[in-house]
Each structure stands twice: as structure tokens, then as C-alpha cells.
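Report on the structure given below.
Here, each number is a calculation from the coordinates, and none is a lab measurement. Worth saying up front: this structure is predicted, and the values here are computed from it rather than measured. Every residue, glycine as well, gets a Cβ built from its backbone with ideal geometry; the counts of neighbours run over all protein chains shown.
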Amino acid sequence: MFRTILKYRLAISSVALSIIVAFYMLLIFNRTFWQHVLQAFNYDFAPIMAIAVGVACLFIALTVTFSVKYLIKPVFIIFIMVGSIASWFTDEFGTIIDRDMIANAVETTSAEASNLLTPAFFLHLVLTGIVPCLLILWIKIKHFPLIKKVLVNLSIIVPCLLIAVFCTLITSRQLISTLREHNEIVRIVNPILPIGHAVKYVTRREHAKIRVFKQVGLDAKVVPFEPQNNRPRVTIVVAGETARAEDFSLQGYDKETNPELKKRDIIYFPNTTSCGTATAQSLPCMFSPFPRKEFSIARAISTNSLPDILKNAGINVEWWENNTGSKGVADRVNNVSFYGLKDPEFCIEGECQDGIMLEKLGQWLDNIDHDSVLFIHQLGSHGPAYFERYPEKFRHFRPDCRKTVFSECKPEEIRNAYDNTILYTDYFLSQIIDALNQRAGKFDSAMIYMSDHGESLGENGLYLHGMPYSIAPKEQTHIPFILWMSSPFAKTMNLDLGCIRKDAESKQMSHDNLFPSVLTMMNVKTTLKDDRLDLFRSCQSSQIALEK
């Protein structure tokens, strides 16, 4: 039977197949792209037709360029498989597949991946990817002799490019103004952009392998204020996951998602932005000595991070990981991983709810004998399986979405599930504060919490996170920032907590403030510290006296 199938294979010219594949990719893999075009140009027929013709010509020129013997089939199969995968996430969640999103995908855990690779995804992959690829493998492609092939291909490619240029020129005024306002349109063209960003990711990773690690902050040392009480000082730094400020009742949200934190004497900073919109970017940036405008992944992974600097200063440093890794931040300090544990109370297929860390926290605190900083990287509110991030007793907002395919849930169910994750984070943070308070006679303590980025929950058709920063909605960049500090700890910093509380409402904060502020909390001096970004500087007694 197999021989019979091969014997009666359909024969088609390389040019015809190229044109078919071009239109297939445009129509099947770019539904979101066309929706954005229609909306951005307000359904105006003339510019939309010009764009459609121009983009079609570019796709044809691209596919015809690769219509070379021995190359055409593998290239088209790559195009189709990448387009099929990328279009699922673009159409389902509004995701833009850029370099950082590819980094997140490569560095994810199997449990996290399983939440996204649903039966609906595989059905989509089979119908739009695997079946067309099998057809390409089956058909017989007819090629012209080399010289004639070059001439034929050029006779198609050159006119297509000219038409594309012409379409751009006749709509240039409207095109430029519209794309300036809606520049996400050019970022969601499948599969061209995902392939390009995959190449950039591989290039960056290979470059990082040969980059020389540069030791910085070796001058770091603890310089305590006088008088000293000679008790250990402890700071817990919690790196939140996917928590957006809009859903914190501390921010003014109409649902009570922070009932426990409101009972503690915390300081909330309502005007705080993240360094990125995905963990692969934000986490290294949070703990880097470089502010966002000077930051790059390559630079971060080749220099010391905040945990390194604190360790160099002689402080006991530990990193607890309950997510997809520290992204290089904590490679040189003591690490404890909670991923992959099989505790039936907290863990589902290797992913553990954050509460699993609370029992171990008490043991860690009981062994403190000198200045220490504990970094905790939460699983937090990571989607799309929000319902797996909190125990049954925290299903306060109902009905909550119990699926990972959002199209199978109502918008309010998705929001309820997400809000339950925030409620659980509220409990988690309050328990940390209580654990520190219970040991007030043993050491002085503080906690600082910042989320790595926010989350979209259907606003403008977007879900999850990872949009390019320049076009990211505020839901993905506006993050919660919480500070708790015991009075004795504040005294060891010569800090006026009332001054900080007063400034919190008005000051604009960001991830840039975390690095210098934690150094100040631990009384660490280093030339790396930018005092202009230190949120405590203007409220320390010595500085207040100096300004007066």
C-alpha cells in the first residue's frame, strides 16, 4: 500500500508549492495579525487591501527564495511547524513570540509546560502543522534546470518585492501613523518573527558561553551605624511571580485580596513598575547592579548579582527556588530547590504551592547566628493553571476557572482563579512576617516583596504576560511592592519609617530601586551602589540632618 501511495504522488512545481505555502501561512497562522490590522485601520478597505497585497507578495517572495532542490521541503516544514505552534499561543493568549518568550519556553519546567501543552494544542498542531507537513513530504516537486530556475524565481521575487514597495508607498502616511500607535502588528507575523527571534536567542546564548565573567563589587563590606546592638540582622527578599498591582486590594482593588497584610504594619508602594514582562528578563534585572536602561541579559550573567555582593560582604546568603530557576542570579550562593518534591499536601506533578516553604522557613530562622539574607522565588500566580497555585481553602472567589485553556472559561472565572492566587500570596507573605516577629528577641528583621512582572487577564484580548516592554500594557508592568520592617531593624539603619511611609504614596518606584535598597537594609557599602536609586536615602537620620 505504501508503494502504491508513493507511485501516485501528486506532482507540483516548486513555484506553485511556494505560493500555496505562502498563502497557507498567511491565512492559517496569522488570524491575530489580520484582526489587529482590521481594527488598527478601522476597517478602511483601501489601506487594508494594500497591506494584504504587500504582505502576500513578501510571503511569496520569501517562499520562492527557498524553493531550491533539497532545501524546499525541510524549510517549508520548519515554517509550517513553527507557524502552527506560534499561532496557537498568539491566537489563544495574545502572546508575542519574541526572544524573551523563547527563553522562557526553553528554560521552563516540565510541569509548567504541561499546563500549556493541552489536548486542544495538540489537535491544533496535528491539523495545522503535522498533516500539511506530511502532504509536503508526500508530493513530488518538479524543478527546472538551474539556470531556468534562477530566472523563473527572479521573475517572481523581483515583481513581488516591487509590488510590496509600491503598496507601502501608496499607504505610507496612514501606515506610519498607524504602526507608530499599534506597533505590535509587525511583531505578530507568523512564522517569520518567531524564527527570527529564535535565531537571536541562540546567538545570544552562544555569545554568553564565551563571555568572560567579570567580578564586581569586591569592595562590598558591612558598615553598621552606631550604636550597635550586636544582634543578627535578617532580611527576607521575596521575588513574586506574575502578581499584578491591579488585583491587590492594597492598591485599591474592589475585591479583598490582601486581608492579612492589611493587619500587619506594612508599607505599600502603589507606583511601581517592573524591568521586564517575563521572568527570563525581569529576574536577572531585579538583582542586577544595572538599572533597566543599562541592563542586558549578557551583561547580567557575566557580572555579580545582588546575592553575590551580599555574600562578598560576609553576609549569610541563601536562595530558595520554587519556580523555573534563578536565571543565573543565584548560581554562586547556596540554593534550595522546592521544584520536583512529592509532598501530597502542596505538590502537583512536581510543582509545589508556595506554602511548602513556610515549614522550612521556621527551621532556617531558628539557626540564624549572624547577618543573613534569604531570597525566595515564588511560584506565585503563574498561569495559565492559576487554580493549581492555591489550596482548596483559598478558593474564596468562585466560580474559579479550573482549566488551562482560557477559551473554555468565562472571563470572571479566570479573574476569580487569579485573585485566589493573590489571596494565597497575601497569606504567604503575612506568615513570613509573623515568623520574623515571633523571633523578635533573637534578631532584628525585615521583609521586602516585589513581583517580577504583571499579568494580562483578557484586557484588549491579551492573556498571560511576555509582551515586548515597549508595547506592553500596564497590567504586565505595574507590580506590587511591599516593605515590612521591625522598629529595631529600622533603628540599625538610622531609618525614619514614618518618612518612608509618607514617601510611598507619591514616589515612583521600579525594580531599579531593589539592588541599592537591599544593600542599605543590610548596611553594605560598595562603589556599585547608586544612592540616587536607594529608596531609603532621604529618610535616614544622617541624611535628613545633612539636608537640613
Based on the mean of other beta carbon atoms within 10 Å per residue, what is the order of 313-326, 127-140, most packed first?
313-326, 127-140
Expressed in nm to one decimal, what extension gain is obtained for the pair N271 and L169 from 0.36 nm per residue of sequence separation less their Cα-Cα distance?
32.5 nm
Just from its helices, what would the mean residue ellipticity at 222 nm be for the chain, if runs of 4 or more DSSP H residues each count -39500 (n - 2.57) and the sum is divided by every residue, rounded to the nearest 500 deg cm²/dmol?
-14000 deg cm²/dmol
Anchor K221: aspartates and glutamates whose Cα lies under 13 Å away (excluding residues fewer than 8 positions away in-chain):
D308, D371
Quotient of C-alpha Rg and 2.2 N^0.38 Å, computed over region 2-207:
1.12
With each pseudo-label sitting 7 Å past Cα toward Cβ, what's the N230-H143 distance in nm, one decimal?
8.4 nm
Any GluC sites (Glu not before Pro) in region 38-136 that lie in a DSSP loop and have at most 13 other Cβ atoms within 10 Å would be E107
For the cross-link pairs K200/K360; K442/K502; K342/K507; K293/K410; K200/K474; K311/K491, which exceed 32 Å when the distance is taken from alpha carbon to alpha carbon?
K200/K360; K342/K507; K293/K410
Would you kindly give the portion of the calculated P(r) for region 42-155 that falls above 24 Å, as a percent of all Cα pairs?
47 percent
If you take every residue apart from G196 with its C-beta less than 11 Å away from the C-beta of G196, what net charge results, scoring Lys and Arg +1 and Asp and Glu -1?
+2
Lone cysteines in the chain, defined as no other cysteine's Cβ under 4.7 Å from theirs: which are they?
C133, C167
With R₀ set to 51 angstrom, the calculated FRET efficiency between the beta-carbons of L127 and R501, to the nearest 0.05, is 0.35
Compute the distribution of all C-alpha to C-alpha distances in region 81-139, in bins of 10 Å from 0, and list the percent of pairs in each, rounded to whole numbers.
20, 49, 25, 5
Roughly how many nanometres apart are two label points built 7 Å out from the Cα toward the Cβ at H182 and R9?
4.3 nm
Suppose a student asked you for the relative contact order of region 87-198, using Cα pairs under 8 Å spaced at least 6 residues apart; what percent would you report?
57 percent
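Going by average Cβ density within 10 Å per residue, which order do the peptides 185-192, 407-414, 418-425 take, highest to lowest?
Those peptides, ordered most packed to least, come out 418-425, 185-192, 407-414.
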Please report the equivalent ellipsoid semi-axes of the chain, computed as sqrt(5 x eigenvalue) of the Cα gyration tensor, largest first, in whole Å.
50, 25, 23
In degrees between 0 and 90, to the nearest 10, how far off the longest principal axis of the chain does helix 14-28 point, with axes built from Cα atoms?
40 degrees
Which distance in Å, rounded to a whole number, links the C-alpha centroids of region 345-389 and region 270-335?
18 Å
Residue order, fewest to most beta carbons within 10 Å, for D91, D512
D91, D512
Positive-pole candidate from V158, L146, A52, dipole of region 2-207, charges at beta carbon:
L146
Helix 146-170 vs. the chain, principal-axis angle (Cα, 0 to 90°, nearest 10):
60 degrees
Counting pairs of alpha carbon atoms under 8 Å apart in space and at least six apart in sequence, what relative contact order in percent does the chain give?
20 percent
What is the diffusion coefficient of region 221-547 in µm²/s, taking the Kirkwood radius over Cα pairs and the Stokes-Einstein relation at 25 °C with a viscosity of 0.890 mPa s?
123 µm²/s
If I model a spin label as a point 7 Å beyond the Cα along the Cα-Cβ vector, how far apart are those points for F45 and V223 in nm?
7.4 nm
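Which of rounded, prolate or oblate describes region 119-188 when judged by the alpha-carbon gyration tensor and an a/c cut-off of 1.5?
Numbers: a/c = 5.25, a/b = 1.16, b/c = 4.54.
The shape class here is oblate.
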As an exercise, take the mean of 1/r over every pair of distinct alpha carbons in region 421-475, invert it, and state the Kirkwood radius in angstroms.
14.0 Å
